[in-house]
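Here's the structure, in structure tokens; my notes come after.
The values are calculated or read from the model by the stated rules, or taken from the named source; none is laboratory data. Everything quoted here is computed from the prediction, not taken from an experiment. Note that we place each Cβ from the backbone using ideal geometry, even for glycine, and neighbour counts take in every protein chain shown. Keep in mind that these areas ignore ligands, DNA and RNA; they rest on the heavy atoms of the full protein, side chains included. Shrake-Rupley method; radii C 1.70, N 1.55, O 1.52, S 1.80 Å.
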Amino acid sequence: MLLKILLVFMSACLLAASAHAEKALSKDQIIEILDLEGHFEGGYFRQSFKANHRDRVATERGERSTLTTIYYMLTHDNSVDHFHTKYSDGIEYFHLGSPITYHLIHPDGRYEKVVVGPDIANGQQLQLAVTGGTFKAAELTEGEYGLVSEAVAPGWEMEDMVLITKKELLNKFPQHKEIIERLAHD
């Protein structure tokens, strides 16, 4: 029971902080303060942590750090994170701004749409776990910006990124043609 009360309190604090920061900072200010750069899949990012102080873990692709985290922001003028996947698992955490809509195509072909944002009373989620091998795209559908963090374990390296073209994704999952054509690279 105490844990439930603590989680409700923490959620309320996050929502209050989000509302205050959203009014106080523009997208350009956040980009500058957090030192974000353009991301090749869309949006802006910066790696904020890499567990270099721990022993690395063995994976099929080589040794990796145990954990990495990034800030990631979509903006009204850079609003799409195109479909891609990675080998590691990731968790998205909402911070500020407008909600971000995630489109997931699981390895078994199942499609899932999840909105990560502050309105938990209406079905938005403060966090989203995405297992490795799930194709993910995201979009900001309203507002000036949406800011999240992503924690990845084992830690992310560029070699773990699996880029996929629209044609390749359509060949794998033709049943999701509409969303793939809209949110995948050519």
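Quick test for you: out of 44, 71, 87, pick the one residue that is more than 26 Å from residue 165 (Cβ to Cβ) and surrounded by 12 or more Cβ atoms within 10 Å (Cβ to Cβ). Quick ask: steps written out before the conclusion?
Values: 44 fails: more than 26 Å from residue 165 (Cβ to Cβ); 87 fails: more than 26 Å from residue 165 (Cβ to Cβ).
So the residue among 44, 71, 87 that is more than 26 Å from residue 165 (Cβ to Cβ) and surrounded by 12 or more Cβ atoms within 10 Å (Cβ to Cβ) is 71.
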Looking at residue 136, is it basic (Lys, Arg), free of Cβ contacts under 8 Å to residues at least 40 places away in the same chain and assigned to a strand (DSSP E or B)? no
Looking only at the stretch 135-149, decide whether some residue is surrounded by 21 or more Cβ atoms within 10 Å (Cβ to Cβ), modelled with pLDDT of 95 or more and within 24 Å of residue 52 (Cβ to Cβ). yes
Where a residue in the stretch 167-186 is over 16 Å from residue 79 (Cα atoms) and open to solvent by less than 100 Å² (accessible area, probe 1.4 Å) and its partner, wherever it lies, is modelled with pLDDT of 95 or more and in a loop (DSSP other than H, G, I, E, B), with Cβ under 7 Å and at least six apart: 169/184; 173/109
Output the number of residues of the stretch 14-73 satisfying the condition of being among the hydroxyl-bearing types (Ser, Thr, Tyr), modelled with pLDDT of 95 or more and assigned to a strand (DSSP E or B). 6
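Each row is one residue, and each column tells you yes or no for (1) within 16 Å of the chain's Cα centre (by Cα); (2) within 15 Å of residue 42 (Cβ to Cβ); (3) in a strand (DSSP E or B); (4) of a type in the set (A, V, I, L, M).
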position	(1), (2), (3), (4)
148	yes, yes, yes, yes
159	no, no, no, no
162	yes, no, yes, yes
167	no, no, no, no
181	no, no, no, no
List pairs: first residue in the stretch 143-157 and closer than 10 Å to residue 66 by Cα, second residue of a type in the set (Val, Ile, Thr) anywhere in the structure, Cβ distance under 7 angstrom, at least six positions apart or on different chains. 152/68; 153/66; 154/57; 154/59; 154/66; 155/66; 155/68; 156/68
